[in-house]
Amino acid sequence: MIRPRPSVERIGFRRLIVTLPLGVVALSLLAFNLPLLAGIDPATATLRARYSDPNPDPAIVASLRGELGLDDHALVRFGRFLLRALQGDFGLSYTSRLPVGSAAWRALSVSAQMVVVTVALASLVGVALGMVAAMQRGPLGRIASAISAAGASLPPHVMGPLCVLIFGIWLRFVPTGGWGSVRQMILPVVVLAAGPIASIAEVTRTEMLNALPQSFIRTARSKGLGPSGVARHAFAVSRLGVLSIAATNLAGLLSGAVLVETIFSLPGLGNFIVTAVRNGDVPALQCGLFVVGSISLVVGSLADAAAVFADPRLRHTAR
Amino acid sequence: MISQVRRSAFSVRRLRLSENRVALVGLVGLGTITMIAIQLSMAGVEQQTNLIDRFQSPSWNHLAGTDQFGRDVLSLVAAGAVRSLSLAGAVVIISAIVGTCIALVSAAGRFRRSALVSVSDVVLAVPTLVVALIVAATIGSGTVALLAALVSLGWTPYFRLVLAQLETAQQQLWVDAAVASGASPARVLVRHILPNVSSALIALIATRVGHAVVSVSSLSFLGVGPQPPSSEWGAVLAAAQPHAERAPWAVVAPSLAILATTALAMGIGRRITARLR
C-alpha cells in the first residue's frame with residue numbers, strides 16, 4: 001500500500017489551522033443532512049418511534065415540526081444543530097427513546113480504553129519489530145519482517161473470527177466476547193493492533209535503514225556505543241516518520257474498532273453505530289458520525305503538530 | 001545533432017512503453033483472476049439452500065463443507081469471488097476516474113488547488129469505514145449505496161498522485177513546446193500530460209484493489225451492501241460467524257479468500273511500484 005509521505009511543509013500546524021475547523025464543519029454538515037439523505041422527516045420519525053404508530057396524525061406532525069423548529073431556515077437549523085452537537089445533545093434515539101448523547105458517551109469510554117491500550121501495544125511492538133528487522137540481518141530480522149507482513153494483510157474482520165475460532169472455541173484460552181476483565185481484552189486488542197503494528201514496523205524499518213548509514217551513527221559507534229545505543233541514536237531521527245504514520249493510522253484504527261467491537265460484541269462506540277445502522281436510528285447515526293469523525297480529526301491534527309517536536313531537526317525549520 | 005535529439009526522444013518513448021507494459025501485465029493478471037473466478041462460479045454453484053445438508057463437514061461431495069443453509073462453501077466462496085472482485089474493481093476504477101477529474105480541475109487554478117487539497121486532507125483524516133458505513137446505511141443498504149459511499153471517500157489517493165504528477169509534468173519543456181505550438185490548456189492537459197501520468201495511475205490502481213476488497217467485505221460484514229444470502233465474502237463471513245462452533249470451515253474459507261486476495265493484490269502492487277521506480 002502506498003502512503004504518501006507528508007512533506008515537511010505539510011506537517012505541523014497546517015492541519016490544526018485548516019483541516020480541523022474545515023473537517024468539523026464538513027462532518028456536521030453531513031451529519032445534519034443525514035435525515036435528508038435517509039429520506040425521512042424527523043417529526044414523523046419521532047412520532048412513529050414514540051407511539052409505535054406507523055401513520056401519525058398530520059396535525060400532530062405539523063405541531064411537532066413547529067416545536068422542533070423544523071420549519072425554520074436551513075441555516076438557522078444548521079446553526080442550532082451545530083451548537084447542540086458541540087454540547088453533546090443529539091436528541092432522543094428512535095428505538096430506545098433515551099438521549100443519544102449519553103448512550104454514546106458511555107460507549108465511548110469502552111472504545112477509548114480499547115484504542116488507548118491498542119495504540120500503546122502497537123507502538124511498542126511495532127517499533128521493536130521494525131528495529132529488529134532493520135538491525136538484524138539474520139533469521140531474527142527475517143522473522144520480524146514476516147510478522148509485520150502478515151499483520152498487513154490481515155484485516156480485523158478476517159483475523160477476528162479466525163482468532164475467536166482458534167483461541168476462543170478450540171483452545172478455550174480466552175472468552176470470545178464481553179468487556180471488563182483483562183482476559184476479555186486480549187483478543188480484541190491483539191486483533192485491532194495487528195494492522196498498526198505492521199505499518200509502524202514497516203516505517204520504523206525503512207527510517208532506521210535510512211538513518212544507519214549516516215555519519216552520526218559512525219560517530220556513535222566509534223565512541224564505543226553498543227547496539228542498543230546505536231538503535232537509540234538512529235531512532236531519534238526516525239521518530240517523525242513513525243509518529244506521522246501512527247497519526248495516519250488512527251483513522252484506520254477507529255474504523256477497525258467498529259469491526260472488532262462487532263465481532264467480540266463489546267459495548268463500545270462501534271457497536272453503538274452498527275446497532276444504529278441495523279435499526280435505522282438516525283439521531284444515533286448523526287451522533288456517531290460527529291463523535292468519531294471529530295475525535296479522529298482532533299487527534300490527527302494534534303499528532304501532526306506534535307511531529308514538529310518529535311524531530312529535533314524540524315524544530316528549527318518549522319518556526 | 002539532429003540524430004542525437006532523435007535518439008533521446010526515441011529512448012524516452014521506449015521507456016514509457018516499458019513502464020506501460022509492466023502496468024499492463026499487472027492489469028491483465030488481475031483481469032485473468034477475475035475471469036477465472038467467473039468461470040469457477042459459473043461451473044458449479046448451487047446457491048440453492050438445502051436444509052438437510054446443513055453443517056456438513058468437508059468431504060468429497062463438499063470439499064469445504066456446507067454452511068448453515070446447506071450451501072457448498074467452496075462454490076459459495078468461488079461465486080463470492082465474482083461479487084467481491086467486481087465490486088472492488090468498480091470502487092477502484094470509479095474512484096480513480098473521479099480522483100483524476102478532480103485533480104485535472106484543481107491543476108488548472110491556484111485557488112481551486114488549495115481548496116481541493118484541503119478537502120482531500122479532511123477526507124483522508126476521517127475514518128473511512130465509519131463514515132462509509134453511516135452514509136451508505138442512510139442512503140439505503142444496497143450495492144449502489146455502498147459504491148457511492150466508498151467512492152466519495154476513496155478518490156483522495158488518486159487525486160494526490162495525479163495532482164503531484166501533473167505538477168511535475170507542467171514544468172517540462174515539452175509542455176512549453178505544446179503551448180508554443182498553439183494547443184489550448186485543456187488539450188495540453190488531456191492529450192499531452194495525462195498520458196504521462198497513466199502508468200503511475202495504473203500502478204496505484206493495482207495497489208488499491210486489495211484495499212478495496214477489504215473495504216467492501218468489511219462493510220458488507222457490518223450489514224451494508226450485499227447481505228447474507230449473497231455470496232460476497234464479507235456477507236458469508238458475517239453469516240457464518242455465529243455458527244463458528246458447528247461449521248468452522250464456513251468461517252475459514254471466506255477468510256482465506258479475502259486473505260489470499262489482499263496478499264496477492266499487495267504483492268502485485270508492490271512489484272509494479274518497484275519496477276516503476
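Nothing in this text is a laboratory measurement; each read-out follows from the coordinates by a stated rule. From a predicted model like this one, the values you see are computed outputs, not experimental measurements. Here the Cβ is made from the backbone with ideal geometry for all residues, glycine too, and neighbour counts use every protein chain on show.
Computed over chain A with a Gaussian network model linking Cα atoms closer than 10 Å, the most mobile of A:G168, A:G268, A:G256 is A:G168. For the stretch A:173-259, a crude dipole built from +1 on the beta carbon of Lys and Arg and -1 on the beta carbon of Asp and Glu, taken about the Cα centre, is about 380 debye to the nearest 20. Quote the FRET efficiency, to the nearest 0.05, computed for B:I97 versus A:I60 with a Förster distance R0 of 35 Å and r equal to the Cβ-Cβ distance. After rounding to 0.05, the efficiency reads 0.15. Mean partner shielding of peptide A:27-38, defined as the number of other chain Cβ atoms within 10 Å of each residue Cβ, is 2.
Sorted ascending by nearby beta carbons within 10 Å, beginning with the fewest, A:W105, B:W233 become A:W105, B:W233. With semi-axes defined as the square roots of five times the eigenvalues of the C-alpha gyration tensor, the equivalent ellipsoid of the stretch A:21-74 measures 26, 13, 8 Å, largest first. Counts of other chain beta carbons within 10 angstrom of each beta carbon in peptide A:158-164 average 6.
Of A:S244, A:S301, A:S228, which is the most mobile in a GNM of chain A whose springs link Cα atoms less than 10 angstrom apart? Ranking A:S244, A:S301, A:S228 by mean-square fluctuation puts A:S228 first. Scoring B:136-146, B:186-196, B:171-181 by mean Cβ neighbours within 10 Å over their residues and listing the highest first yields B:136-146, B:186-196, B:171-181.
Largest mean-square fluctuation among A:G39, A:G288, A:G178, in a Gaussian network model of chain A whose springs join Cα atoms under 10 Å apart, belongs to A:G39. Placing +1 on the Cβ of every Lys and Arg and -1 on the Cβ of every Asp and Glu, with no other charges, gives the stretch A:69-132 a dipole of roughly 100 debye about its Cα centre. Taking the Cα centre of the protein assembly as shown as origin and assigning +1 to Lys and Arg Cβ atoms and -1 to Asp and Glu Cβ atoms, the resulting dipole is close to 2620 debye. Counting Cβ atoms of other protein chains within 10 Å of each residue's Cβ and taking the mean over peptide A:166-175 gives 1. Cβ crowding within 10 Å ranks B:R246, A:R97 as A:R97, B:R246, fewest other Cβ atoms first.
Across the options A:Y94, A:T248, A:N271, the greatest Cα extent toward the positive end of the charge dipole of chain A (unit charges at beta carbon of Lys, Arg, Asp, Glu) belongs to A:T248. Mean residue ellipticity, 222 nm, helices only, the protein assembly as shown: the sum of -39500 (n - 2.57) across DSSP H runs of n ≥ 4, divided by residue count and rounded to 500, is -25000 deg cm²/dmol. Per-peptide packing, taken as the mean over residues of other Cβ atoms within 10 Å, places A:116-122, B:250-256 in the sequence B:250-256, A:116-122 from highest down. Per-residue Cβ neighbour counts within 10 Å put A:V260, A:V291 in the sequence A:V291, A:V260, beginning with the fewest. Positive end of the dipole of the protein assembly as shown (Cβ unit charges, origin at the Cα centre): among A:N210, A:V299, B:A78, the Cα lying farthest that way belongs to A:N210. Ranking A:I40, B:P226, B:S118 by how far each Cα lies toward the positive end of the dipole of the protein assembly as shown (charges on Cβ) leaves B:S118 at the top. At a Förster radius of 45 Å, what calculated FRET efficiency corresponds to the Cβ-Cβ distance of B:R275 and B:Q227, to the nearest 0.05? That gives a FRET efficiency of 0.70. Taken along the Cα-to-beta-carbon direction at a fixed 7 Å, the label points for A:L302 and B:Q170 span 3.7 nm. On a per residue basis, the convex hull of the C-alpha atoms belonging to chain A measures out at 157 Å³.
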